[in-house]
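Engineer: Just passing along the structure, written as structure tokens.
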């Protein structure tokens, strides 16, 4: 019985020892710091090209909307969409009958005014002769004062009649010129050499002239030899764009081509969509001339443009994803400022940091950025060439890593991802 008791105590002692060892292992394991796997790159010098990307459509630099200047029925429409026209070609004709009649009436009125002027001049000559004769007789006291006054009055009336006839001729001449001009406007000629890109009217259709209101738009003629990209640039980016900036234009219809371009015009007034709503967008139109395209670009084609707004050569740079922003949540004041910043009330930005590998740990280094390219961002202050910075993973950089975190560098994974891409 005593032997059985000793054996039981021995077994309990063994289980107690195992339990104590397990507790100690758990405690030691929980106190061990987590090691985070990261990918890194060296801080090196690069050429950084800052881009502003915007989308839009291809349009001709020059396009003219053709509207009728006089109203009437279209009796000739010899052009269709796609036809080439030369400047001065007749492209439309309005029925001229009404305007021919108006011209004839104006011509008759002008000729009548000329006849009236001749009559008034003859009457003036007659009254002047009579007035001169009366003056001679009055000097010899052969006529009375009243007879002389009557002769002078008749002469003044005849002189006024001559002047009125001259004004009637000027008015009739202006009406005749207007009638001739309206008759000429029934023939519409191409103002530029180009391609008819839109035809809105048909033969026999009645159109309204532009005399008193916006007339009927009959067609559009475009110069397709000089095309441009018209893109909408966000208000925060347009301040970086300048006249003469080079651009790379990708047209959806030609996915394997990149067209060279240059910025020729930047709008001074914004175009706003969704004003007063949460979706309000403020853009400025920027025009980019396409330099010597060797394919047919058609108006309305969709495109995307990368505008090169700045270039820096041989500058320190790190991958864009290496730069992150951290805010100390324990600081109530800073947390409040971050909240205000999100609401748009505070304009200053939080500190930007890069994690630098130092042995088996990382150090959070505050940096000052310069311009940003497609893959790299310029570092103006905070880093030196040759430093090893963390480039991945995204979760590690933006969430897991802190100053002094233990890390394990695993660049084999980064190389495998790069090869697969």
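Engineer: If you take all C-alpha pairs in the range 122-243, what percent of them are over 16 Å apart? Mind dumping the intermediate values first?
Structural biologist: Details: 5900 of 7381 pairs.
The calculated P(r) of the range 122-243 puts 80 percent of pairs beyond 16 Å.
Engineer: With just the Cα atoms defining each centre, how far is the range 242-263 from the range 115-139? Give it in Å.
Structural biologist: Measuring centre to centre over Cα atoms gives 82 Å.
Engineer: May I pose another question? How long is the gain from residue 148 to residue 408 if the chain were fully straight, where each residue apart is worth 0.36 nm and the alpha carbon distance is subtracted?
Structural biologist: 80.8 nm
Engineer: Going by C-beta contacts inside 10 Å, put 303, 372 in order with the fewest on the left. Write out the running numbers ahead of the final one.
Structural biologist: Working: 303 23, 372 17.
Ranking 303, 372 by Cβ neighbours within 10 Å, fewest first, gives 372, 303.
Engineer: Let me ask something else about it. In nanometres, what is the gap between the two model label sites at residue 358 and residue 93, each 7 Å from Cα along Cα-to-Cβ?
Structural biologist: About 9.0 nm, to one decimal.
Engineer: Note the per residue figure in Å³ for the convex hull of the C-alpha positions in the range 177-280.
Structural biologist: Working: hull volume 25.1 nm³, N = 104.
Value for the range 177-280: 241 Å³ per residue.
Engineer: Kindly state, to the nearest 0.05, the FRET efficiency for residue 265 paired with residue 84, given R0 = 22 Å and r defined as their beta-carbon distance.
Structural biologist: With a Förster radius of 22 Å, E is 0.25.
Engineer: Is any residue of the range 112-147 close enough, with backbone N under 17 Å, to a label point placed 7 angstrom from the Cα of residue 171 along the Cα-Cβ axis, and if so, which?
Structural biologist: 112-118, 120
Engineer: Taking the Cβ of each residue in 52, 325 as the centre, tally the other Cβ atoms inside 10 Å and list the residues starting with the fewest.
Structural biologist: Least crowded to most crowded, the residues run 325, 52.
Engineer: Which ordering of 46, 167 is given by a fewest-first count of other beta-carbon atoms within 10 Å?
Structural biologist: With the fewest neighbours first, 46, 167 line up as 167, 46.
Engineer: For the range 97-185, state the semi-axes of the equivalent ellipsoid (square roots of 5 times the eigenvalues of the alpha-carbon gyration tensor), sorted largest first and rounded to whole angstrom.
Structural biologist: 43, 8, 7
Engineer: Another question, if that's okay. How are the C-alpha pair distances of the range 48-155 spread across 5 Å bins, as whole percents from the shortest bin up?
Structural biologist: The calculated distribution, bin by bin, is 2, 8, 9, 8, 7, 6, 6, 6, 5, 5, 5, 5, 5, 5, 5, 3, 3, 2, 1, 1, 1, 0, 0.
Throughout, read-outs are computed from the coordinates displayed, never taken from laboratory work. This is a predicted model, so every value here is computed, not measured. Here the Cβ is made from the backbone with ideal geometry for all residues, glycine too, and neighbour counts use every protein chain on show.
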